[in-house]
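This report concerns only the one structure given below.
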């Protein structure tokens, strides 16, 4: 066997390096959730998909940057671009956020074949400036970011491959009935901070999205609950609307709900068994007009009912019976800024044996009915280490409550943590 030449050896070493880059790739790692310590997006080693490797320098638009270590990504963000540059056919991740782009013409996408993610957030794109069908032809597109633009309408048609679509912070007021058809793989749709009202719900636009798991409709103009949501739904965000009523049995068709966020609405009464859901972990009904509590399902762990008009927390309503074999999982309740004058009955600790924290905070009580609460926070069953951690967390809460909770409530981040 002949001895390999130096160029051949270098080529083999390069091929081994590139192969190592892809062999541990797991698509679910990218879109299955937010990592705890995510690397800067332009150095994310899991952002490449399995397509042919290139033993030579790949093409890159002159306005952009294509890292040699990740040749399938093209970074054109934060460059004051007014137009989209021509996109090489091999690109899989395209980052165009934070520019001055106003239009999405078909031309730059003419040769695009493998693109899976496009980020066009923080630009000035309007619906009528998107060429018809420019996204629909991208048969491998999985994630599309269009938040913080000037869209007045839902940007359809879209490819059937799409799984995650982010449209928050636009001016969308129309949602045609056929706009969401043909999207069988969609799992996450963010429409927060738009101009949607009840008229767009009459055609039941979400009913056929059989795999939808997360729907964000916070900061819109809704007055009623969205009808006919798909049973697949896990996370529902409806904060900062004007919803005043939850129909009885509304959640019967949504048995898989894990987190429901409806703070900053006009809710006054909750039908007793509204939240009798087997998988519900987080329920946020803060900043409403509730006067009474309601049934708490066994699975619920975190309950937020701050800034309401509750004068008395009837534990028996929350927990009608005790079942030692199926104890309730509630660990945290936030009840500050209500009208409580006395602590929650100690019976709560029989009903909710895992409860660790009740955050009373300050109450909205009159001088004639002073509050008998002596401590803003009640904690139990804490080890010294847990107690110190809770104290640290409480200090942080006290420092950040007004600003951070206002920001959190004003717009729900598209990824549940």
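The values are calculated or read from the model by the stated rules, or taken from the named source; none is laboratory data. Computed from a predicted model, the values in this text were never measured in an experiment. Please note: Cβ atoms are built from the backbone with ideal geometry, for glycine as well, and neighbour counts cover all protein chains shown.
Pick from the range 160-180 the residues that are without any contact (Cβ under 8 Å) to a residue 60 or more places away in the chain and not in a loop (DSSP other than H, G, I, E, B): which of them is nearest to the chain's Cα centre (by Cα)? Before the answer, list the steps.
So in the range 160-180, the residues without any contact (Cβ under 8 Å) to a residue 60 or more places away in the chain come out as 160-162, 165, 167, 170-180.
The next check asks that each one be not in a loop (DSSP other than H, G, I, E, B); those that pass are 165, 174.
Values: 165: 11, 174: 22 Å.
Of everything passing the filter in the range 160-180, 165 is nearest to the chain's Cα centre (by Cα).
Would you confirm, using the coordinates I've provided, whether residue 355 is within 31 Å of the chain's Cα centre (by Cα), over 18 Å from residue 285 (Cα atoms), assigned by TED's automatic domain parsing to the domain that holds residue 285 and surrounded by 21 or more Cβ atoms within 10 Å (Cβ to Cβ)? Yes: the conditions hold for residue 355.
Regarding residue 320, is this residue within 24 Å of residue 187 (Cβ to Cβ) and out of contact with any strand residue (DSSP E or B) (no Cβ under 7 Å at 6 or more places or on another chain)? No; evaluated as a whole, the condition is false for this residue. The single condition among (1) within 25 Å of residue 198 (Cα to Cα); (2) more than 21 Å from the chain's Cα centre (by Cα); (3) touching a residue at least 12 places away in the same chain (Cβ under 8 Å); (4) not in a loop (DSSP other than H, G, I, E, B) that residue 333 does not meet is (1).
Name the residue, out of 260, 283, 303, 233, that is closer than 21 Å to residue 168 by Cβ and not in a loop (DSSP other than H, G, I, E, B). Steps first, please.
Working: 283 fails: closer than 21 Å to residue 168 by Cβ; 303 fails: closer than 21 Å to residue 168 by Cβ; 233 fails: not in a loop (DSSP other than H, G, I, E, B).
The unique qualifying residue is 260.
Within the span defined as the range 209-217, every residue fails to be in contact with a helix residue (DSSP H, G or I) (Cβ under 9 Å, 6 or more places away or on another chain), buried (at least 17 other Cβ atoms within 10 Å of the Cβ) and at negative phi.
Every listed requirement among (1) loosely packed, with under 15 Cβ neighbours inside 10 Å; (2) over 28 Å from residue 301 (Cα atoms) is met by residue 255 save one, (2).
What number of residues within the range 195-236 are touching a residue at least 40 places away in the same chain (Cβ under 8 Å) and closer than 15 Å to residue 183 by Cα? Qualifying residue count, the range 195-236: 1.
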